[in-house]
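Structure first, then comments.
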Amino acid sequence: MSVDFGYRTAPLRLPWFSARLNVRLLVVSGVLFTLATGLALVSLPLGDFPLTLQEVLAALTGGGKRFHRTIVLEWRLPISLAALVFGALLGIGGAIFQSLTRNPLGSPDVIGFDAGAYTAVVITILVLGPGAWSVSTAALVGGIATAFVVYLLAYRGGVQGFRLIIVGIAVSWMLGSVNAYLITRAKIEDAMTVGFWNAGTITRVAWPTMVPALAVAAVIVLAAVLLAPALRRLELGDDSAVTLGTRPGPARLGLIVAGVATVAVVTAAAGPIAFVALAAPQLARRLTRSPGVSLLASAGMGAVLLTGSHLLSLLIAQAYRPVPVGLITVCLGGCYLIGLLIRETRGRYGALT
Amino acid sequence: MSAVTTGSALQAPSSLPGRRALGLVLILATLAVAALFSAAFGANPLSLGEVWRVLGHRDASEAAHVVWTIRLPRTLLGILVGAAFGVAGALIQAMTRNPLADPGILGVTAGAGFAVTLGVGFFSAATVGGYLWFAFIGAALATVLVYLIGSAGRGSASPVTLVLAGVALTAVLNGISTFLTLIDEETFRAVRNWGLGSIARTELDDTLTVAPFLAVGLLIALGLSGALNSIALGDDLAASLGTKVQRTRVLGIVAVTLLAGGATALTGGIGFVGLMVPHVVRWFTGPDQRWIMIYSALAAPALVLAADVLGRVIARPGEVEVGIVTAVIGAPVLIALVRRRTASGL
């Protein structure tokens, strides 16, 4: 099948295999993943107990002091790994949603997922008390239910990006004020626990929570790889997708499930990490100069963003106070979004909505 | 809105003044009833007759004490901040030509809140008088920023762009505020109650401190409303009609800052009032900004007081803050606005 999706490709022919490779996309993605891994490595020596890079490398390869191995392998490695994997997952989820809604702003944090997850978590913590599993489950259920309600409310003979975004904002706002009400009625300790959860931090992550998250992440990545061609064809419109052999209904449902799952895993393990899903696909698209968002490059960019934010939060912690990584992504991502909007009103890029 | 007026103008040319009179009567009646209820309802409910009696004659009874020292100052505050948020909303909607604009949605309230959090955390501001200047600065910066985003292009920005800019701004500012409150429990304690949008805790003295600023803001807004009518036609046409476009916009930003900043310093921000009220009012007044401003200044206090009374009734013996009630009422209104068929072409 040869459809021109507008991507520049170079043919690769081997005796047993042939493909057309998008060289720029592959190179950019490779660079991004390398950079993300490098950032994750650099963040390992930083912390309350500073180590040198040599000590970290020794510990990673099984040598060094026993205490150093505990610090690096048991405490810091899962966190750095979480930054890498969660960032990539958020990039994939954002790319899926932005492609499906054909809108650079159709990201899960804009359409109410975070607010819903937060409301459910607030209620759970205030009623049942803090507990890792109940909080994670509540975040999942609340987030998915809210996203579903937003989608339904925005549905009117099809979902326009414009309507979806405003409905998402309205619902988020309403839930936000309900949350604020609940928090003021709570004990100050509970209220601050909830506040920390909502700030979004990966420093609580440890192997017992990371192993199941990694397993789910592997499934999601596999699903994304399998569904990527369908996503590309759906971008051409449903009719074209049908003629190319993709059934739009099942393909779209599978993509939505995969997209929701990415955000759900991250939110359950770390709380809401805002704006990575929003910014990563668009930044990656500008680097790869591709006409649509690409899952691979978005994953790489998401990983870079989150590992970079994690490193930044560690550096700020050394200089001043510990900052939850979610707050850093909110500030960076929010400023990015404002910049994007200014550029859009200047008319250099096509309309966002 | 133009569809409503042209439609009715075709069918019954004389209906607009009649509709305006009807609207004025309805709004004033609602405001009076809401104010009376606001004096009657609360943790210690009084009968309307009793309220009426002590209003006329301030005796030494407990009812008189409750009405005069607690409920009337609260009602006065509700009227003031209601008018401020309502007119600020109408003003922003007119200046940005954006029917989805509201000081809360566009991030002006968040700007004021962020500045107040800074004031509490770093400069030990503890009174409304101390909050006030921080709130003004924050509101002014946020208004200017949103306005710059809205006017960066050649034409006016689309409604969604402005709303999104407000959301992004709110997210960033709230993120930093959250950090400041989480590192310091005292700040957390002071700000978590303040940020809700309540008219229950403010002292009468504080209200009177801020009232002159709100009054100036209201006067500027009313004075601008004629110029805003021509700005609705587009900047070029407005200039050719003799309107000083730049001066109008600068004064408009000053008015929004005074109104939204001052009212936020007093209450912590009451969302969606500025969004809802001008839309309701327009049904009576048509698109003339002069009428919209005056009617908003009267209708918004009625909404705030009604929401406040509702908040006192539904959670007895406790209270739900008025800002939460207006958010729960206002979000569906926003959703309904974008679900309307015509809204897609906004």
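Using only the heavy atoms of the protein chains and a 1.4 Å probe, how would A:203, B:178, B:109 rank by accessible area, largest first?
A:203, B:178, B:109
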Legend entry - Relative compactness, the protein assembly as shown, computed as alpha-carbon Rg over 2.2 N^0.38 Å: 1.03
Inset, instruction - Write down the accessible area per residue of region B:70-340 in Å², having rolled a 1.4 Å probe over the full set of protein chains. - result: 34 Å²
Legend entry - Highest to lowest packing among A:223-230, A:195-202, A:91-98, scored as the average C-beta count within 10 Å: A:91-98, A:195-202, A:223-230
Inset, instruction - Please provide three numbers in whole Å: the alpha-carbon extents of chain A along the principal axes, with the largest listed first. - result: 58, 53, 39
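With a length cut of 27 Å (Cα positions projected on each helix's long axis) and a Kyte-Doolittle mean of at least -1.0, go through chain B and give me the DSSP H helices that pass.
Membrane-span-like by this rule: B:15-40, B:72-96, B:128-150, B:159-182, B:204-231, B:289-314.
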Legend entry - Shielding score for B:177-187, defined as the mean number of other chain Cβ atoms within 10 Å: 4
Inset, instruction - Provide the convex hull volume over Cα atoms per residue for region A:11-55, in Å³. - result: 97 Å³
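Could you calculate the contour length gain from residue B:205 to residue B:15, that is, 0.36 nm times the residue separation minus the distance between their Cα atoms, to one decimal place in nm?
64.0 nm
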Legend entry - Whole-number percent relative contact order across region B:216-327, with pairs defined as alpha carbons under 8 Å at least 6 apart: 26 percent
Inset, instruction - Please report the buried accessible area for the interface of B with A, total over both chains, probe 1.4 Å, in Å² to the nearest 100. - result: 4300 Å²
Inset, instruction - Calculate what fraction, in whole %, of the accessible area of the protein assembly as shown sits on carbon and sulfur atoms when a 1.4 Å probe is rolled over the protein chains. - result: 68 percent
Inset, instruction - Towards the positive end of the charge dipole of the protein assembly as shown, with charges on Cβ (+1 Lys, Arg; -1 Asp, Glu), say which of B:253, A:151, A:205 has the farthest Cα. - result: A:151
Legend entry - Net charge of neighbours whose Cβ lies under 13 Å from the Cβ of residue B:228, counting Lys and Arg as +1 and Asp and Glu as -1: +3
Inset, instruction - Kindly point out which whole DSSP H helices in chain A project their C-alpha atoms 24 angstrom or further along the helix axis while averaging a Kyte-Doolittle hydropathy of -0.5 or above. - result: A:23-43, A:77-100, A:132-154, A:161-184, A:207-234, A:248-270, A:295-319, A:325-346
Legend entry - Net charge of Cβ neighbours under 13 Å - reference residue A:32; Lys, Arg +1; Asp, Glu -1: +3
Legend entry - Selection from B:198, B:232, B:179, by position along the positive dipole direction of region B:70-340 (Cβ): B:232
Legend entry - Cα point-scatterer Debye curve for region B:71-131, base-10 log of I(q)/I(0) at q = 0.14, 0.24, 0.29 Å⁻¹: -0.55, -0.97, -1.04
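Name the shape class, rounded, prolate or oblate, that the alpha-carbon gyration tensor gives for region A:191-238, where a ≥ b ≥ c are the square roots of its eigenvalues, rounded holds for a/c under 1.5, and otherwise prolate holds if a/b is larger than b/c and oblate otherwise.
Because a/c hits 1.5 or more and a/b fails to exceed b/c, region A:191-238 counts as oblate.
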Legend entry - Alpha-carbon spread of region B:80-223, three principal axes, descending order, Å: 46, 33, 21
Legend entry - Dipole moment magnitude, nearest 20 debye, chain B about Cα centre, only Lys, Arg, Asp, Glu C-beta charged: 1000 debye
Inset, instruction - Quick one: divide the alpha-carbon radius of gyration of region B:70-340 by 2.2 N^0.38 Å and tell me what you get. - result: 0.95
Legend entry - Where labels lie 7 Å past Cα in the beta-carbon direction, separation of residue B:127 and residue A:128 in nm: 4.8 nm
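Could the peptides A:269-282, A:167-180, A:243-256 be put in order, highest first, of the mean number of other beta-carbon atoms found within 10 Å of their residues?
Values: A:269-282: 28.9, A:167-180: 23.9, A:243-256: 14.8.
By packing density, highest mean first, the sequence is A:269-282, A:167-180, A:243-256.
The values are calculated or read from the model by the stated rules, or taken from the named source; none is laboratory data. On a predicted model such as this, the values are computed, not experimentally measured, just so you know. Glycine also receives a Cβ, built like all others from the backbone with ideal geometry; neighbour counts cover every protein chain displayed. Note: accessible area is taken over every heavy atom of the protein model, side chains too, but ligands, DNA and RNA are not part of it. Shrake-Rupley method; radii C 1.70, N 1.55, O 1.52, S 1.80 Å.
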